[in-house]
Amino acid sequence: MQELKRIINYKRIILLLIAATVNVVFFLYDNKPVMDEDIINKENVAHETYIKNYHEEVNAIIDNADKLKKYSIFNKAGSFSYANILQTARDFERVKNVILPEDEYKGVQAYTTYYYQYFFTMLVMMFVIYDMFAQRDNGMWSITYSCANGRIMYAIKQTGVIVVTGAFTHTLIYWSTFIAAMLQRGGVRDLVNPVQTIETFDKFTYPWSKIKYVTVLYLISMVCIVALCITIWGVFVMFRNRVYALVTMLIFAAVEQFIYSHIDIHSVWNGLHYINIINIININATFSSYRNWGVGTYVFPVFSVVLFVHIICAGVIGYIAINVSASMKPYKNTTFIKRFTDCVSAGCQKILARIPFLFKEIHKFIFTSHCGWVVVVMLTVTAYVCQTGQYHYTDDNKYMDSEYMLHGGKDYTYFQDYLDNLYQQRDELQADIDDYGDILTRDESVDIGSYVNLKTKQQQILKLIESRREYADKIEYIGHMDETFNIRAWMISDRGYEVILGKKGLYRRIMVNLALICGFILMSADAGRLERVSGMILFEHSTALGRNKMRCNKYLSCITITIIMTVIICGMEFLWMRHIYGIPYMNAPVVSLTFMGNKLGMGLYASGILKWMLLHMTIWQYMLMQFIMRLVICLILSVGIMKITRSIKNIK
């Protein structure tokens, strides 16, 4: 119990809550609803077709199995092929009478295909496991080693702590994600319907409801997560240095990813594809698919083999780790790598001794408090959400954007002339059609082909006018802004900017802001408590430099890092968006963007300073204002968190 209390402290609880919150936001971002009507209609048609043809496909599989039994090459008694055919027929017999209603299935579909929740769970558990071995860094494991039966009992207790914390962490993140899926996509009332209403479960052979499948998946994934945590803990036990263990696991994960990507499921080496850490993380895809292995007349699903091997490996590694804990002696020897890293560390300390004190604080902020990992995560999250949150526009949209680039700006006469020309062609064609129609009513011998050609040209012109309605709407909007607010808006495209500044980029901005906020909370809290935890605060209070100067350097380092990281993160986002969408006409008034001008007269922009700023700002000034607001919020948050953590006396 004492070990459990030591591990599950307030910092870990805060970390868990942050991870659960970020995971939910990440899920909402990754599964944001599609707004394009064409895509929605295609999805609905595809789903209706799947529901309609489901029973035919199941019956076809059963009939095919019955036919294969009649061929001599397959019906040899005692062979795996014959046993597999019989097993396939029996499995699909279970679901041939399942009734699939039209229901709201997208919530469960989005949830079951979202596997990043397991990464967030493992991230929290990595912090837990990493902290378990802090005793090797501070020398406390010498005391543990000298206790009677202390080593093996301590290892067993740590195993129990991993099981409890793994189960609790997985439970919180799993069900919070499920609730978010139901709130975002709906489908609570349809959870009792068969899970086969989801297209990805077309080969799932158990007649389960959606809620039953989600519950079973929860139990199975919890076993996988706990087993994987025990395996990771075992690797940490076998290495004296935590960094070496971490690097080894990263290399192993990279090799597993390479094997998973480059070995086909039909290869003779497909066992390496399935018995893989990737399939453990993406457990739903393995569980819901249908593939059998076997020996002789024994047939079993691939999923059961993967789960069995994973549990056995975890058990073996856990057993070895417990025995290693009982036999590994502290400071038994010093390896060449250890001597080399000590020399490098000594050289770095000599360099640090000659640099200004503020730079020492910055170095301590990033490296000594291990905030470098937080920086890596912040950069990774920013890169991911910028790359995956792209909007893909049609060729027609891209053509109009090129026209905006060539002929847009302050003057919109080109677009007005273009529209007037289209309207003139439309009117002339309509007049010709009317004249030809009168001739046809008087003389039926007139060739009707010319009339059909005129109607075809008319439809083409009308379609072109409809596709260029955006130009007319934009010109009307510019006139409205000039008449109402005496502001001359520019003729520019909203596309790109509506992702960078508008609602289409809302999820991306939320994720980037969360990365900034969570990163600075963790960094400031860890850096703020460093001296108090290590006891160095006593030296700080007694230094000849004075406590105030030490404190000022501490806060200055925090402010410096916050400014640098905010500039880097926001700069990454800006450059990524410019690379994807381009950012033309940055000197144009920000109200040139329709979605920005529509804010006038609404909410905070109804009157006052915000309305005046929106009317008189250019696009680049508005983006700069957003960056300054981010920076100020991050500075207040970082300095505030550091002040709070430094003021807590009994911090652990």
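Just so you know, all these numbers are worked out from the coordinates, no wet-lab data involved. Just so it is clear, the model here is predicted, and its values are computed rather than measured. In this analysis, Cβ positions are derived from the backbone assuming ideal geometry, glycine residues included, and neighbour counts consider all displayed protein chains.
May I ask you to derive the FRET efficiency for Thr215 and Asp395 from their Cβ-Cβ distance with R0 = 45 Å, giving the value to the nearest 0.05?
0.45
At 222 nm, what helix-only mean residue ellipticity would the chain give, in deg cm²/dmol to the nearest 500, using -39500 (n - 2.57) for each DSSP H run of four or more?
Mean residue ellipticity at 222 nm (helix-derived): -24000 deg cm²/dmol.
Distance from the Cα centre of the stretch 412-434 to that of the stretch 220-286, in angstrom?
65 Å
Order of Leu406, Leu123 from fewest to most other C-beta atoms within 10 Å?
In increasing order of surrounding Cβ atoms, one gets Leu406, Leu123.
Once you put a point 7 Å from the Cα of Leu637 and another 7 Å from the Cα of Asp342, both along the Cβ direction, what distance in nm separates them?
4.2 nm
If you average the sequence gap of Cα pairs under 8 Å that are 6 or more apart and divide by the length of the chain, what percent do you get for the contact order?
Here the relative contact order equals 14 percent.
Quick check: the distance between the Cα centres of the stretch 388-403 and the stretch 163-212, to the nearest angstrom?
Computed from Cα coordinates, the inter-centre distance equals 36 Å.
Mind jotting down the distance between the C-alpha centroids of the stretch 578-635 and the stretch 82-118, whole Å?
For the stretch 82-118 versus the stretch 578-635, the Cα centre distance is 49 Å.
Please compute the modelled spin-label separation between Asn282 and Glu466, points set 7 Å along Cα→Cβ, answer in nm with one decimal.
Simple spin-label model gives 4.0 nm for this pair.
For Lys52, project a label point 7 Å along Cα to C-beta. Then give me every residue of the stretch 77-116 with its amide nitrogen under 15 Å of that point.
102
Summing +1 for each Lys or Arg and -1 for each Asp or Glu, what net charge is found among the other residues whose Cβ lies under 15 Å from the Cβ of Met126?
Every neighbour counted, the sum reads +2.
Sorted from fewest to most neighbouring beta carbons within 10 Å, what does the list Arg291, Arg509 look like?
So the residues, fewest neighbours to most, are Arg291, Arg509.
For a footprinting-style exposure proxy, rank Phe236, Phe308 by other Cβ within 10 Å, fewest first.
So the residues, fewest neighbours to most, are Phe308, Phe236.
Would you mind giving the three semi-axes, in whole Å and largest first, of the ellipsoid equivalent to the chain according to its Cα gyration tensor?
Its equivalent ellipsoid spans semi-axes of 55, 44, 19 Å.
What helices does the chain hold that run 15 Å or longer along their axis, going by alpha-carbon atoms, with a Kyte-Doolittle average of 1.0 or more, using DSSP H for the helix calls?
In the chain, the long hydrophobic H runs are 10-30, 116-132, 210-238, 242-262, 302-327, 372-388, 619-647.
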